[in-house]
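Trainee: One structure, as C-alpha cells, below. Some questions next.
The values are calculated or read from the model by the stated rules, or taken from the named source; none is laboratory data. This is a predicted model, so every value here is computed, not measured. Here Cβ is always computed from backbone atoms with ideal geometry, including for glycine, and neighbour counts include all displayed protein chains.
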Amino acid sequence: MNNIILESIITCPTCGAKKEEVMPTDACQYFYECTSCHELLKPLAGDCCVYCSFGTVKCPPIQENGTCCP
C-alpha cells in the first residue's frame, strides 16, 4: 500500500458537521452515523462507500487500484 492515505474528513450532507476518520483497509464502510445530528449516511449512487461519497479522500481500494471492495 504505497502512498495510500488512510485519513479522510467526512462531511455530513444534512448538518455540515465534519470529522476526521481513519478508513478501514480491509473492508468498505457502507454506513456512517454523523456524530453531530446522528443521520445515517449511505453511499451515493455510483459510489462504493461513505468515504467515496462524503470524504475528502477516496477509500484505500479506489486509491490503490481504481476499483472498490470485492
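Trainee: Which residues, counting only those in region 44-70, are free of Cβ contacts under 8 Å to residues at least 24 places away in the same chain and closer than 14 Å to THR14 by Cα?
Mentor: LEU44, SER53
Trainee: If I go through region 1-57 residue by residue, how many of them are closer than 13 Å to CYS68 by Cβ and aromatic (Phe, Trp, Tyr)?
Mentor: Looking only at that region, the number is 2.
Trainee: Here is a further query. Please go through region 26-49 and pick out each residue that is outside any strand (DSSP E or B) and touching an Asp or Glu at 6+ places or on another chain (Cβ under 9 Å).
Mentor: Residues of region 26-49 that are outside any strand (DSSP E or B), as a first pass: 26-31, 34-39, 42-49.
If the condition is that a residue be outside any strand (DSSP E or B) and touching an Asp or Glu at 6+ places or on another chain (Cβ under 9 Å), then GLN29, GLU39 are the ones that fit.
Trainee: Looking at ILE62, is it touching a Phe, Trp or Tyr at 6+ places or on another chain (Cβ under 9 Å) and not in a strand (DSSP E or B)?
Mentor: Considered against the rule, which asks whether it is touching a Phe, Trp or Tyr at 6+ places or on another chain (Cβ under 9 Å) and not in a strand (DSSP E or B), ILE62 comes out as yes.
Trainee: Take region 25-43 and flag every residue that is touching a residue at least 12 places away in the same chain (Cβ under 8 Å), of a type outside the set (S, T, N, Q) and under 17 Å from GLU7 (Cβ atoms).
Mentor: ALA27, CYS28, TYR32 - these are the residues of region 25-43 that are touching a residue at least 12 places away in the same chain (Cβ under 8 Å), of a type outside the set (S, T, N, Q) and under 17 Å from GLU7 (Cβ atoms).
Trainee: Follow-up question, since we're still on this one. Across region 28-43, which residue is nearest to the chain's Cα centre (by Cα) among those that are under 21 Å from PRO61 (Cα atoms) and surrounded by 12 or more Cβ atoms within 10 Å (Cβ to Cβ)?
Mentor: Among them, the one singled out is GLN29.
Trainee: To continue, here is another question. Would you call GLY16 at positive phi, at pLDDT 95 or above and not β-branched (Val, Ile, Thr)?
Mentor: Against the criterion (at positive phi, at pLDDT 95 or above and not β-branched (Val, Ile, Thr)), GLY16 qualifies.
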